[in-house]
Amino acid sequence: MNVFELAEEMGHEQVVFCHDADSGLRAIVAIHDTTLGPALGGTRMWDYDTEEEALVDVLRLSEGMTYKSSAMGLNLGGGKAVIMGDPRSDKSEQMWRAFGRFVHSLGGRYITAEDVGTSPQDMDYVAEETSYVVGLMHKSGDPSPVTAYGVYKGIKAGCKWALDSEDLQGVTVAVQGIGSVGYALCEYLHEEGAELLVADIYPEQVEKTVDEFGATAVDPDDIYSVECDVFAPCALGAVINDDTIDQLKCGVVAGAANNQLAEDHHGENLRQKGILYAPDYVINGGGVINVAHEFAPGGYKRELALRKVDQIYDRLLEVFATSEREDIPTNEAADRIAEERIEKIARVKRIRI
Ligand code: NAD
C-alpha cells in the first residue's frame, strides 16, 4: 500500500506514525483538512489484524471528521487517531502519556478525544502531556450521551421525512451495538414509546436493555434482516454493504456508527431500495458539537451544547430535501453541503486581515 497515493486520493494533509517500544504504543494520527480550523477527532483503540487495516480506518475516519465538522457549522478541521491494540488488555498510563506527547508534538494541528475503545479516563492521562485533548471528565465529559441525543433527533427527522410523523410511539427501531451511544439511544427511544430490537456481540450489553427498556434481543447476524421502521447502526463502520443491503427490511437507516456505507455507491443502492439514509456524519455530529463547546467563550455548558445538537434535525431535513431536489442519494447531498461550506470559508480566508 502506498500511503502518499492514498493521502492524495483522499485529500489528507498529514499522516503521522507514532511508536513507543516501552509502552507498546503503535498509533497513527491522520490530519485530513484544516481549512476550517485545527483537526479534531477522537482516538480509536482496536485490535486491527493488519497495519493496513488500521491505516485505511484512520484515513476514512479523519476524512469523515472534516465533513462532519463542516456540516455542523463548526470551525474545525478533520483528524483522527487509531491505536493498534486490544482495549480490554493493552492500555496503560505509560501508553496514554506517550500518545499524549506525540499529540502535543503536532502543536495543536490535531486535537484528540475519546472514541471506540477509549474512555474519558484514558484522555485524562493524555491530558497530563498535552492540552490538545477534549472530552475530559472535568469539562464536557463523555460525549456519548450527547451523540445519542443527536441520533435520537436524527431518527425523528428520518421518520418525519419517510413516515410523515416524528412521533416515535410504536415505531420499531433495530439498534446494532449497545455500547455507550447505543445504550443511551435506547433510553431516549424507550422513553418515547419506540419498540426496540437490540444486538451486540457481547450478550451482557443487550441484557440491560432487555431488562430496563423491554427490548427484544436479536442475534448479531440477524439484526440486518429484522422487520423494522428504522435500522440504527451503532457499532462499527461498513455495515451497509453488498451483503447487508439485500437483507434490510426497514424504511430508514439512521444510527451513530461512523462510515456506515462500505462504498459510496451503497447510498444510491439504499435510495433505489426506497430506504432513506441519514448520512452518518450528520446524524452522529452531537459528540463533536459537545466537545467543541469546550472552546466556547465562558467555557462548556451542556445546555448550550444540546441546543446546538438540536440543529441536527433541521440539517438532516435540509439533506433529504437537497437529495430529492437534485435527484441524488442523501450521502452525496450531505457531501455537497459540507464541501460548499469549506470552499466558501476557504475563499473568505483569502482576505488578508
Ligand atoms: P462502544 O465501543 O461503546 O460501543 C460499540 C458497541 O458495539 C460495543 O458494545 C460492541 O460490543 C458492539 N459491537 C461491535 N461489533 C458488533 C457487531 N458486529 N454486532 C453488534 N454489536 C457489535 O462505542 P460507542 O462510543 O457507543 O460508538 C458506537 C459507534 O458510534 C462507533 O462507530 C463510533 O465511531 C460512533 N460514534 C460515537 C460517538 C461517541 O460520542 N461515542 C460519536 C460519533 C460517532
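The values are calculated or read from the model by the stated rules, or taken from the named source; none is laboratory data. Bear in mind that the values here come from a model prediction, so they are computed numbers and not experimental data. Ideal geometry is used to build each Cβ from the backbone, glycine not excepted, and the neighbour counts take in all protein chains shown. Side chains are part of the model used for accessible areas, which takes the heavy atoms of the whole protein and leaves out ligands, DNA and RNA. Shrake-Rupley method; radii C 1.70, N 1.55, O 1.52, S 1.80 Å.
Please count how many residues of the range 299-325 are within 18 Å of Lys139 (Cα to Cα), of a type outside the set (A, V, I, L, M) and open to solvent by 70 Å² or more (accessible area, probe 1.4 Å).
4
Give the residue that is most open to solvent (accessible area, probe 1.4 Å), with candidates limited to residues of the range 99-116 that are part of a strand (DSSP E or B) and either of a type outside the set (Ser, Thr, Tyr) or within 16 Å of the ligand (Cβ to nearest atom) (or both).
Out of the qualifying residues, it is Glu114.
Residues in the range 254-276 that are free of Cβ contacts under 8 Å to residues at least 40 places away in the same chain and hydrophobic (A, V, I, L, M, F, W, C): how many?
Summing the residues that are free of Cβ contacts under 8 Å to residues at least 40 places away in the same chain and hydrophobic (A, V, I, L, M, F, W, C) in the range 254-276 gives 2.
Using beta carbons and a limit of 7 Å, which pairs, at least six apart or on different chains, have the first residue in the range 213-242 and on the phi > 0 side of the Ramachandran plot and without any contact (Cβ under 8 Å) to a residue 60 or more places away in the chain and the second one open to solvent by 20 Å² or more (accessible area, probe 1.4 Å) and acidic (Asp, Glu)?
Going by the 7 Å Cβ cut-off, there are no qualifying pairs.
Go through the range 299-353 and give me each residue that's modelled with pLDDT of 95 or more, in contact with a Ser or Thr (Cβ under 7 Å, 6 or more places away or on another chain) and outside any helix (DSSP H, G or I).
Pro329
Could you list, in sequence order, the residues of the range 204-245 that are within 11 Å of the ligand (Cβ to nearest atom), modelled with pLDDT of 95 or more and outside any helix (DSSP H, G or I)?
Val218, Asp219, Ile223, Tyr224, Ala232, Pro233, Cys234, Ala235, Val239
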